[in-house]
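Nothing in this text is a laboratory measurement; each read-out follows from the coordinates by a stated rule. What you are looking at is a predicted structure, and each value in this text was computed from that prediction instead of being measured. Glycine also receives a Cβ, built like all others from the backbone with ideal geometry; neighbour counts cover every protein chain displayed.
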Amino acid sequence: MSEPALRRGTAVPLRRDDVDTDQLAPARFVPYFRPSGFTNILFADWRADPAFVLNQPAHQGATVLVAGRDFGTGSSRESAVWALQSAGFEVVVASRFGDIFRGNATMRGLWTAEVDHEVIERLWAAVEADPWLPVTVDLAARRLTCGEVESPVRIAEPLLRRLLEPGDPIAETLGRLPEIEAYESAAAGQRRSGPV
């Protein structure tokens, strides 16, 4: 997509709350999983059910996952983010996210759009009624739209900056080296002079 602050695509209505990282990327796959490939590990245990929503032809090629409360809770598992991205997802919309998952997602460029649960219910209904209905997430405007559904998107300012201005955190830290050295020098001077 040409606009870095905008994602638009069809959605998968995942009508589940409390989706943890072991459900996203089961532990038995983790030792062998890398950031690319292995798209079949995403929700591997649930996908054994032919009725599972990701198995439905109408949702093939979707780039937005609409989940419920507490998405991505559990262990710190980067493979949960990799699995979503390998399956083509660019945005996860939920009413709450696990903090570690959200941090991992942000570092990898997977958008996490938090909205009220009432909005999630309306999104599920809209996407189930019309699987081709596009969902648009505009991070710069902090806005989500999908047909008749419109909502503000909650995202912390540091996470928003990381998504809109992706970069290497180590390079960012090194870019602030003069400030860090000045702080360390002042702190060392205080340590030498002892308590006042």
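General observations
- Our estimate of slack between E148 and M107, defined as 0.36 nm per intervening residue step minus the Cα-Cα distance, is 11.6 nm.
- Based on the reciprocal of the average 1/r between different C-alpha atoms, the Kirkwood radius for region 80-196 equals 17.0 Å.
- Size of charge dipole - the chain - debye, nearest 20, with Cβ of Lys, Arg +1 and Asp, Glu -1, no other charges: 420
- Packing around the peptides 153-160, 86-93, taken as the average count of other Cβ atoms within 10 Å per residue, puts them in this order, highest first: 86-93, 153-160.
- Between the amide H of V93 and those of L65, V66, A67, A113, distances stay under 5 Å, these residues lying 5 or more places away or on another chain, with hydrogens modeled in the peptide plane.
- Simple spin-label estimate for L133 and S76 in nanometres, 7 Å along Cα-Cβ: 3.9
- Once both labels are positioned 7 Å from their Cα atoms along Cα-to-Cβ, the gap between L174 and F29 label points is 3.4 nm.
- Summed over qualifying helices (DSSP H, 4 residues or more, each -39500 (n - 2.57)) and divided by its residue number, the chain shows a 222 nm mean residue ellipticity of -10000 deg cm²/dmol.
- Percent antiparallel among DSSP beta bridges (both partners in the chain, rounded to 5): 50
- Inter-label distance for R69 and Q56, nm, one decimal - labels placed 7 Å from Cα along Cα-to-Cβ: 2.3
- Where Rh is the Kirkwood radius over Cα pairs, Rg/Rh for the chain: 1.09
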